[in-house]
Amino acid sequence: MGKGVQLSELVSILEHSLVGIPEHRTGDNTVYEIKDAGLAAFSVFFMQSPSFLAYQRAMQRKKDKNNARSLFGVGGIPSDGQIRNILDPVDPSQLREPFWDGYALLKANGYLERYHGIGGTFLISIDGSQYFSSQKIHCPNCRVQERDGQTTYSHQVMVPVLCAPGEEHVVCLDPEFITPQDGHEKQDCEQQAIKRWVERNSQRFEPWSVTILADDLHCHHPLCKLLLKHKLHFIHTCKPESHQALYEELALLEQVEGAISTMTVRQWNGRYYECWTYRWAKRLPLRKTADTLWVNWCELTIVNEATGKQLFHSGWATDHEIDARCVAEIAVDGRSRWKVENEGFNVLKNRGYNFEHNFGHGQEHLSALLLTLLLLAFLFHTALDLACLVYQKVRQELGPRRTFFNDLRALTRYICFNDWQQLLWFMYQQLDLAPG
Ligand SMILES: [Zn+2]
């Protein structure tokens, strides 16, 4: 393993990008730097505490020092209104590099070795999510839907994450925002967003070193073609309803003995035996046209051996070669696509990241910029969990995520720490975690 990663390194990565954002304000109204507003908003997400800045302003008044400065490098703490005004005009694309710098730091130090799947490739799962919805608050970048006389405003984003079977954490990569275009359905927008992400980022990876995992919506000729053109592999969910040509061909092959390979494995799940049946076939048409892309296909069906009840079923299309030696690995990699939902969106939405907080929605980019800072906070916590031993020990000892963040909130309200390491070390020692 590498040398470990500290929060100060990660924060300076973010600070570097914030400092590079061109000044958009004119006149004398520049008491606070863009960097201060960005780091202050980031600190709220990182601490999962809407009150963090209020406590630090109070601490500054009483003690002439505060944790927003010592932990996150915030020069002066702007008010929430000032943060909103300073950040609203900042395009979130200005904060793409911190994701890649964080990724590079983890990779260079050997912390991403466990994120490999089939053929030693990195597994990247990409999915879309709605991160804001309101019937009142809106901005010009909102997606607008009319239904039963009711108007709903919303924002969506595509979030790619590095994931791996059996790996608890996902490593968030830079998001692609879905901006509404007139006359386009949601699906078109998601499909355009994933293409933009691929075109923008494929050159960051060694050729053929990545397998993209996406759902049925993205399992179509143009995207798969694009992925291959950019030397990226894919394993996409492939449902019969949306892949008529492929499943018709499969039905024909079922008439030919040996054309579809099958393998069944018994697995003990701790309570009863499951039968895992794999079926696979090579070179099937992805669509019904002369120029179709030919893909390999496999499916996995899991049933309770005793009752015959089906527990799981899914099929995938891939460009990876499939045979009896690797079909199980392809299926398990295909299934790990769900990690973007389970370990990604679920954590962001339900576990304390307090998106939107009280900074508001803004009139330009605020909503998307705040989400970007939130995703960076998510990435940096993951990075520490992967690459900082003291952080790992403290998190493990405190059990539920909530306890860890409650303690962070309380400690930083009353005590000013010199830096993050001192704060972590304080928790580590008070919890008697130091060996011997
Ligand atoms: Zn909006």
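The values are calculated or read from the model by the stated rules, or taken from the named source; none is laboratory data. Since this is a predicted model, take the numbers as computed values, not measurements. Every residue, glycine among them, receives a Cβ derived from its backbone with ideal geometry; neighbour counts consider all protein chains shown. Surface areas here come from the heavy atoms of the whole protein model, side chains and all, with no ligands, DNA or RNA. Shrake-Rupley method; radii C 1.70, N 1.55, O 1.52, S 1.80 Å.
Results, tabulated for the structure shown:
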| item | result |
| --- | --- |
| Euclidean distance of C-alpha centroids, region 270-287 and region 72-130, integer Å | 36 Å |
| Kirkwood Rh, angstrom, region 272-329 [1 / mean 1/r, Cα pairs] | 12.7 Å |
| Positive-pole candidate from LEU384, TRP420, LEU374, dipole of region 371-424, charges at beta carbon | LEU374 |
| Selection from HIS233, ILE34, THR318 lying farthest towards where the dipole of the chain points positive, charges on Cβ | ILE34 |
| Per-selection Rg to Rh, region 72-133 - Cα, Kirkwood hydrodynamic radius | 1.12 |
| Region 179-284: chymotrypsin sites (Phe, Trp or Tyr not before Pro) in DSSP loop, at most 16 other beta carbons within 10 Å | PHE205, TRP208, TYR272 |
| Accessible area per residue, Å², region 268-321 with all protein chains present, probe 1.4 Å | 52 Å² |
| Environment charge at LYS239 (Cβ cut-off 13 Å; Lys +1, Arg +1, Asp -1, Glu -1) | -4 |
| Exceeding the 30 Å Cα-Cα cut-off - candidates LYS107/LYS393; LYS3/LYS195; LYS136/LYS239 | LYS3/LYS195; LYS136/LYS239 |
| Degrees separating the helix 52-63 axis from the principal Cα axis of the chain, which is the longest one | 20 degrees |
| Whole-number Å³ per residue for the convex hull built on Cα positions in region 102-158 | 129 Å³ |
| HIS243 long-range amide H proximity, modeled H, under 5 Å | none |
| C-alpha long axis of helix 186-201 to longest principal axis of the chain, angle in ° | 80 degrees |
| Convex hull of Cα atoms in the chain, direction-averaged projection (nm²) | 26.1 nm² |
| Loop-located trypsin sites (Lys or Arg not before Pro) in region 186-273 whose Cβ has at most 13 other Cβ within 10 Å (DSSP) | ARG271 |
| Range of Cα positions in region 1-137 per principal axis (Å), largest first | 56, 41, 28 |
| Rg to Rh, two decimals, where region 216-367 supplies the alpha carbon set and Rh follows Kirkwood | 1.09 |
| Those GluC sites (Glu not before Pro) in region 1-58 that DSSP places in a loop and that have at most 11 other beta carbons within 10 Å | GLU23 |
